[in-house]
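For reference, the structure is listed below as structure tokens.
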Amino acid sequence: MSDIKENLKQLPLGDWHRGLGARMVPFAGYEMPVQYEGVMAEHIWTRTEAGLFDVSHMGQLQLTGEGAADALEQITPGNLSALAAGKIRYTLLLAQDGGILDDLMVTNTGRNLYLVVNGATKHDDIAYMRDQLPDHVTLNHLEDAALLALQGPKASAALARLDIQPLEEGWPVPADLYFMEAGPFMWNDIPLGISRSGYTGEDGFEISVPAEHVVALATALTELEEVRPIGLGARDSLRLEAGLPLYGHDMGPELLPVEANLNFALSKVRREEGNFAGAERVLAQYPDNAAKKRVGLFVDGRQPIREGAAVIDEAGATIGNVTSGGFSPTLQRPIAMAYVPMPLSETGTAITIEQRGKKIACTVADMPFVPHNYHRKPKL
Amino acid sequence: MSRYYTEEHEWVDVEGDTATVGITDYAQEQLGDIVFVEVPDVGTELDQGDDAAVVESVKAASDVYAAVSGEVIEVNEALEDEPGLVNSSAEEDGWFFRITLSDKDELDDLMDEKAYKAFIDNL
């Protein structure tokens, strides 16, 4: 145990988590809080009140230089050059063969592109981007920035109780942001980058803050009665209910966007241009020509199925695999994500899973399992 | 009746030639919210160290090993509808199964309460 611990990096909030009684576990090379009072209670708190997550292990990157968006488009299928200032897009980092190297959020801050990538993949992402991007585009790894997520139906009301002001007079306050919008703010002379986004399916914000001030911000937020700290355990069960894939589990370098059920990340313009890494392989599957597809599963009975369990056919042969699975605290039943043959991917199709020698009946379900509760901009 | 403990955090209540087995309060605390318990079928012959049961929390599945060898003669049916009994009453109402003792010498390998307490204090 001690060997493992010595190699783990500490997050700026590490001692703060321990002070709140968190159970710490290794995750993405860091020591991180998996739970405080318990996964179930934290999950339900986030769905009904507001939860504060420390996601400082994630990579925060900045791309500057003329044509940064065009350059990033060469290795992503998102329409990033059309991204207006203050807007965020979800996209995929693609290998030259179209395999998924990571999923990420890209914000046009008006001065540069701000990227948030997964913690476990950030160093590989940086190396790949530095290799692929032209010399005039500069990539900065914002290693001195922490990242908090405030998620839940009361997140906006809670955040409004801190005196957070827009960086420039006349700009919106955080509560005025819509889903997938972002802006620069100040709180007690501390600069904050706030995005209306998250990984729970709830309304909420992700807040980039200088690491030296993150204890002050996390403390101010958790002092609000509607905010409690939430660990990685509930983060996983929340994103599973929201149908959101987890990199390294539900997608990876051996998988292409269409089979990973991420068609929405292939923008129409970019499909027509067909000029991103691996476009030929990726687009050959579009929209539904892949052999398999990631789907949601409702599991019969009470026993959860887990990552690694096999999808089997009537003869017992393996025809797919479960990539995420757990118990849904909201629905009070087990749910999962799995890759199944395309002909079995329709909602309502019966699927059989084999886990530890036992057959478990499942049904293909629409995702999200629990409806998203985003603060979307009204359609005109 | 004497109670024994294993390093895998099971407790074993021995009464004559049979024993009742469950997981310790320390174990349930570590596992968190338990949502399902898979107990062995009555009649299953277990050797010490075999996989005997599975405890599922929201996040993960954990194996429970047979602390002693023998035949499963009764399982706790209440866990099917109320797996949370393992959280609320790990060392009483949340018992897993009863087993015959085919080799009482195996009990010599187990810890008593004092030794188990010292064991978890060092974890």
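Among A:254-262, A:312-320, sorting by the average number of other beta carbon atoms lying within 10 angstrom of each residue, highest first, gives A:254-262, A:312-320. Multiplying each eigenvalue of the alpha-carbon gyration tensor of segment B:5-53 by 5 and taking the square root yields semi-axes of 20, 15, 10 Å, largest first, rounded to whole angstroms.
The average projected area of segment B:2-100, computed from the convex hull of its Cα atoms over all directions, is 5.4 nm². Every Cα-Cα pair in segment A:291-365 was counted, and those over 21 Å apart are 14% of them.
Among the residues of A:249-260, the average count of other protein chain beta-carbon atoms within 10 Å of the residue beta-carbon is 0.
When you look at the Cβ of every residue in B:52-64, what mean number of other chain Cβ atoms sits within 10 Å?
Across the residues of B:52-64, the mean count of other-chain Cβ atoms within 10 Å is 5.
Scanning residues 5 or more positions from A:S328 or on other chains, those with amide H under 5 Å from its amide H are A:R333, A:I335, with H placed 1.01 Å from N in the peptide plane. Filter A:K293/A:K379; A:K87/A:K122; A:K268/A:K379 down to the pairs with a C-alpha to C-alpha distance above 24 Å, please. From the list (A:K293/A:K379; A:K87/A:K122; A:K268/A:K379), the Cα-Cα distance tops 24 Å for A:K293/A:K379.
Would you please give the FRET efficiency between A:K377 and A:R111, computed as 1/(1 + (r/R0)^6) with r the Cβ-Cβ distance and R0 = 22 Å, to the nearest 0.05?
Working: r = 23 Å, r/R0 = 1.04.
For R0 = 22 Å, the calculated efficiency reads 0.45.
Shielding of peptide A:319-326 by partners, expressed as the average count of other chain Cβ atoms within 10 Å per residue Cβ, is 1.
Remind me, relative contact order of segment B:2-100 in percent, using alpha carbon pairs under 8 angstrom and six or more residues apart?
Contact order relative to length: 31 percent.
From least to most packed, judged by other beta carbons within 10 angstrom and beginning with the fewest, A:R294, A:R271, A:R228 follow the order A:R271, A:R228, A:R294. Taking only the Cα atoms of the protein assembly as shown, the radius of gyration and Dmax are 25.1, 82 Å. If you plug the beta carbon distance of A:N263 and A:T48 into 1/(1 + (r/R0)^6) with R0 = 25 Å, you get a FRET efficiency near 0.20. Working note: Cα atoms of segment A:159-312, range along each principal axis, descending, whole Å: 55, 47, 26. Shape summary of segment A:1-104, radius of gyration then Dmax from alpha carbon positions: 18.5, 49 Å.
Order the peptides B:17-25, A:162-170 from the highest to the lowest mean number of other Cβ atoms within 10 Å of their residues. Intermediate values should be presented prior to the final figure.
Details: B:17-25: 20.9, A:162-170: 12.3.
Ranking the peptides B:17-25, A:162-170 by packing returns B:17-25, A:162-170.
Report relative contact order for segment A:229-380 in percent, whole number only (criteria: Cα-Cα under 8 Å, sequence separation at least 6). Display every interim value, and only then the final one.
On the way: 268 pairs, mean separation 38.3, N = 152.
About 25 percent, as a whole number.
With Cα atoms defining each centre, segment B:57-123 and segment A:1-75 are spaced 34 Å apart in the structure.
Taking packing as the residue-averaged number of other Cβ atoms within 10 angstrom, the listed peptides A:30-43, A:352-365 run from highest to lowest as A:30-43, A:352-365.
Restricting to DSSP H runs of at least four residues, report the calculated mean residue ellipticity at 222 nm for the protein assembly as shown, -39500 (n - 2.57) per run over all residues, nearest 500 deg cm²/dmol.
On the way: 14 runs with 100 residues, N = 503.
Calculated at 222 nm, the ellipticity per residue is -5000 deg cm²/dmol.
Taking amide H positions as modeled 1.01 Å from N, with prolines and chain starts lacking one, the residues under 5 Å from A:E202 and 5 or more places away or on another chain are A:N373.
Using the beta-carbon distance between A:R18 and A:R130 and R0 = 41 Å, what value does 1/(1 + (r/R0)^6) give for FRET efficiency, to the nearest 0.05? If you can, show how the numbers build up before the last one.
Working: r = 35 Å, r/R0 = 0.86.
Step by step, r from the Cβ atoms, then E = 0.70.
Close amide H pairs (under 5 Å, H built 1.01 Å from N) link A:Q355 with A:I360, residues at least 5 positions away or on another chain. The distance linking segment A:229-300 with segment A:84-128 is 15 Å (Cα centroid to Cα centroid, whole angstrom).
Using the Kirkwood radius built from alpha carbon pairs, what does the Stokes-Einstein equation give as D for segment A:128-183 at 20 °C and 1.002 mPa s, in µm² per second? In µm²/s, the coefficient rounds to 147.
Values in this text are rule-based calculations from the coordinates and carry no lab data. All values reported here derive from a predicted model rather than from experimental measurement. Here Cβ is always computed from backbone atoms with ideal geometry, including for glycine, and neighbour counts include all displayed protein chains.
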